[in-house]
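Structure record follows, encoded as structure tokens.
The values are calculated or read from the model by the stated rules, or taken from the named source; none is laboratory data. This one's a predicted model, so the numbers in the text were calculated from it and none came from an experiment. Quick reminder, even Gly has a Cβ in these numbers, built from the backbone with ideal geometry, and neighbours come from all protein chains shown.
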Amino acid sequence: MSVDAARVLAARLHAQRLRDPDLPEVAGAVRYLLAVQGQELRPTLHGLDRRLAPARRGGPDLAVLDDGRVLRTHVLRPTWHLVARDDVRWLLELTAPRVGRVMASTERSWGLGSPEPAIGALLDLLAAGPRTRDDLAAALVARGVLAPDAPGIVLTHVLMHAELRRLVVSGPPADGRHTYALFDDRVPPGYGPLGATFDRPSAVLELWRRYLPGRAYATVKDLAQWSGLTLTELRAGLAVLLDVGEVVEVPGADGLDGLTLVTTSAVAGQDRRAADGAPVADLLCAYDEIVCSYGESRHVLADPRAPEPDRTGAFLHTLLLDGRRAARWRWPARLPDDGPLVLDVQWQRDPTPAERVALADATADLTAHLRRRVAG
């Protein structure tokens, strides 16, 4: 039995908890999705808050970073991700080697030298407690390890290497600013679900098992793009799970022709479709997991009535209408003293009156989210 693009989209919206949200809290949402791309922290936290059960929304989202239930580091791909504390060690062990190889070409083009002297000084500084990037930069300059006129990429290079080696990780936010702390001060020993020791084939199986429930349907290339692992390694893990019946493969149709999608038996037995009724608008971060979890099959979000969105300028974030990309929008620079936000929206097509109402509802929800943060 095949699966078409409409069914896959509906299943993904539900699996991602953008429909029927029921997750208990932000840390639980991160754990459910395994890793959440998060270079823009506030918009990312808003996206996670939207996935919570309605009665559980509106908590102090930065608290999960303060107490370390969720950590923010470079993992999977050369960008920030939010990861649950018990998952960060095994995910780094699994994916850091390939991230390091991707970084190497950038480092060569910039003529960057070895990070070793700076990493040693960095660890010495963090032994006294968490520090912000600016604090670390000033201290490294004072020690003569970092040149006063060094471009920011130099310190980024040092910090990313220290993160990938599981030497440093995010610390508690300081006045809303990201900090760094010693990895072992924030992360428990062992490899979380894998136990006390790391086994790479078992880690690949765990990756499949944790990725699929929050993504519904995905191709092997989708997971390769998301995780940074090779197709060969992922296919080997998939063969094991197919053999024991933990997952199934389904051919794509009607917009997914030629693709083979992987899903769980539970999802394969469902036939979700878009609900009738008023349109639903989703104001999402540009890097929301509904966008970034997929590569090869990402086009199910495309609206056939709209051209491919312009990715230039400040209109980075995504507006979905009934799960289809209809516009780009800008995250608000500030919250007005009273009244709703007035968002800058770059439409890819003309919205209907009902769709404008749906956007107004989503904007009111964003306004309430931001006001809760200010009040908290």
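Step by step: first the residues of the stretch 2-23, then only those that are in a loop (DSSP other than H, G, I, E, B) and touching a strand residue (DSSP E or B) at 6+ places or on another chain (Cβ under 7 Å), then the one that is modelled with the lowest pLDDT. Which residue is that?
Looking at residues that are in a loop (DSSP other than H, G, I, E, B) and touching a strand residue (DSSP E or B) at 6+ places or on another chain (Cβ under 7 Å), I get Ser2.
Give the residue, chosen from Tyr211, Tyr217, that is of a type in the set (Phe, Trp, Tyr) and in contact with a Gly (Cβ under 9 Å, 6 or more places away or on another chain).
The unique qualifying residue is Tyr217.
Hey, does the stretch 52-72 have a residue that's surrounded by 18 or more Cβ atoms within 10 Å (Cβ to Cβ), part of a helix (DSSP H, G or I) and not charged (D, E, K, R)?
Looking through the stretch 52-72, at least one residue is surrounded by 18 or more Cβ atoms within 10 Å (Cβ to Cβ), part of a helix (DSSP H, G or I) and not charged (D, E, K, R).
Of these, Pro43, Pro97, which one is assigned by TED's automatic domain parsing to the domain that holds Gly176, farther than 25 Å from Thr318 by Cα and assigned to a helix (DSSP H, G or I)?
Pro97
Name the residue, out of Val3, Val30, that is free of Cβ contacts under 8 Å to residues at least 60 places away in the same chain and either surrounded by 18 or more Cβ atoms within 10 Å (Cβ to Cβ) or not aliphatic (A, V, I, L, M) (or both).
The unique qualifying residue is Val30.
Go over the candidates Gly245, Gly228, Gly237 one by one and state the one that is farther than 30 Å from Glu355 by Cβ, in contact with a Lys or Arg (Cβ under 6 Å, 6 or more places away or on another chain) and not assigned by TED's automatic domain parsing to the domain that holds Val345.
Gly228
Give the residues of the stretch 329-349 that are out of contact with any strand residue (DSSP E or B) (no Cβ under 6 Å at 6 or more places or on another chain) and either part of a strand (DSSP E or B) or on the phi > 0 side of the Ramachandran plot (or both), sorted by residue number.
If the condition is that a residue be out of contact with any strand residue (DSSP E or B) (no Cβ under 6 Å at 6 or more places or on another chain) and either part of a strand (DSSP E or B) or on the phi > 0 side of the Ramachandran plot (or both), then Gly339 is the only one that fits.
Taking Leu205 and the conditions (1) in a helix (DSSP H, G or I); (2) modelled with pLDDT of 95 or more; (3) closer than 30 Å to Leu359 by Cβ, which numbered condition does it fall short on, given that it satisfies the others?
Condition (3) is where Leu205 drops out.
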